[in-house]
Ligand SMILES: Nc1nc2c(ncn2[C@@H]2O[C@H](COP(=O)(O)OP(=O)(O)OP(=O)(O)O)[C@@H](O)[C@H]2O)c(=O)[nH]1
Ligand code: SF4
Ligand SMILES: [Mg+2]
């Protein structure tokens, strides 16, 4: 039976001096008694790993470590193990007892942490409000928590999710544009949410602003007129559903791609996704298809995942019996061997690290995997055109 690969799940490592409150924090985050807590220094001797579902991220490993500053004869061995955990970490939580904040020296005490880390002052209930104010003034970026205060633990979990999300590359990372102008083609049809844009559309607009690119946002109907008047276009990005139409209008062959292709490249293992396209024509008959959606509430995607993609795949393989298995929510099946193909949603709510871990799991189980956007591009015969802009990366 295939099991999840622990080292590929994001590792969040709690480190700090003995008695800093690391084990207590793990217990408070998981609401379980995972680690022994005591006022005796050096209670945790070996690293303890706990799988945890972090809201907005999915599975992570919370890793409790032996504290630094242990004076027993085992201190060196423990130190080595804790350092090894930090080396494997995707995020380090550096826990400091708030009662000692004034003697904490960030430069010296954190010199061993080369990873992305969060500074967390624990046992905040044990210092006076006055001291707490001074601490917050000196370390405005730090989190102040107490196991006695549930809201502070929730804030810590949120900050962890944010940090893991920030490890996601940008949609435009590595793309070379001949001109600093981006055309966003956003159809406002019955599937478009009322009064707002969807996440990848907003993200691309924001990235364009950060990069000082000029953005032109329009619907398909306005595109032809715009293109007759403007020649110097860096990239056109369209909703995949309108790709064919946009491609036909784009007679001057300006670089063109879709939001979902950008997302597949941003978050997944794009080479594996592309490679997996070849497996579609070779699917066994009958074939078991895992449709994976990371949120259980999104009606638009439900339509794409539950109706459009199954119909299109059946059209590509008219003589096949296709059994679709729908898996919704944050978790991912531990065993993938029963499936012949995995089609994952765009993962806009998941950090890249989580989708990459899932892709690795599929790869190890030798199950082809791609995402909705790439499948839709394949079914509409537009993959080649939509990835031409990354031709240096995926020749
Ligand atoms: N008042 C208060 N006490 C806390 C808090 N967190 C931890 N403690 C206490 O601090 C002591 C040390 O806590 P642990 O969680 O065992 O600390 P640790 O960092 O895991 O210690 P080692 O495993 O020895 O490195 C225990 O007596 C806890 O009850 C807190 O938020 N508030
Ligand atoms: S693409 Fe996935 S993560 Fe994003 S809204 Fe749809 S179901 Fe949720
Ligand atoms: Mg401990």
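For this structure, a couple of remarks:
- Peptide packing for 375-384, 227-236 was compared via the average number of neighbouring C-beta atoms within 10 Å per residue; ordered from the highest value, the list is 375-384, 227-236.
- Taking N as its residue count, the alpha carbon Rg of the chain over 2.2 N^0.38 Å: 1.15
- Kirkwood Rh, angstrom, segment 273-348 [1 / mean 1/r, Cα pairs]: 13.0 Å
- Taking 0.36 nm per residue of separation and subtracting the current Cα-Cα distance, fully stretching the chain between residue 126 and residue 363 would add 80.4 nm.
- Per-residue Cβ neighbour counts within 10 Å put 389, 220 in the sequence 220, 389, beginning with the fewest.
- Spatial separation of Cα centroids for segment 188-215 and segment 124-156, in angstrom: 36 Å
- Computed Kirkwood radius, in angstrom, where 1/r is averaged over Cα pairs of segment 181-263: 13.0 Å
- Degrees separating the helix 220-229 axis from the principal Cα axis of the chain, which is the longest one: 80 degrees
- For the residues 17, 135, 54, a GNM of the chain with alpha-carbon springs under 10 Å puts the largest fluctuation on 135.
- Computed on segment 351-395, the Cα convex hull volume stands at 102 Å³ per residue.
- Cα long-axis angle, helix 150-166 against the chain (0 to 90 degrees, to the nearest 10): 50 degrees
- Intensity falloff of segment 154-312 expressed as log10 I(q)/I(0), Debye formula with alpha-carbon point scatterers, at q = 0.14 Å⁻¹: -0.89
- Where only DSSP H runs of four or more residues are counted, the chain gives -10000 deg cm²/dmol as its mean residue ellipticity at 222 nm, each run worth -39500 (n - 2.57).
- On Cα atoms only, tilt of 352-364 relative to the major axis of the chain in degrees: 80 degrees
- Sites residue 72 and residue 106 - FRET efficiency at Förster radius 25 Å, r taken between beta-carbons, to 0.05: 0.40
- The mean of 1/r over all pairs of different alpha-carbon atoms in segment 80-202, once inverted, gives a Kirkwood hydrodynamic radius of 18.2 Å.
- Calculated FRET efficiency for the pair residue 321/residue 138, C-beta based, R₀ 56 Å, to 0.05: 0.30
- A P(r) calculated from all alpha carbon pairs of segment 6-166, with 5 Å bins opening at zero, reads 2, 9, 20, 24, 22, 15, 7, 1, 0 percent.
- Whole-number D in µm² s⁻¹ for segment 306-353, Kirkwood Cα-pair radius fed into Stokes-Einstein, 10 °C, 1.306 mPa s: 124 µm²/s
- Between segment 24-48 and segment 250-325, the alpha-carbon center distance in angstrom: 43 Å
The numbers here are math on the coordinates, done by the rules we state, and not lab data. The structure displayed is predicted, hence computed values, not measured ones. All Cβ positions, glycine included, derive from the backbone under ideal geometry; neighbour counts span all protein chains shown.
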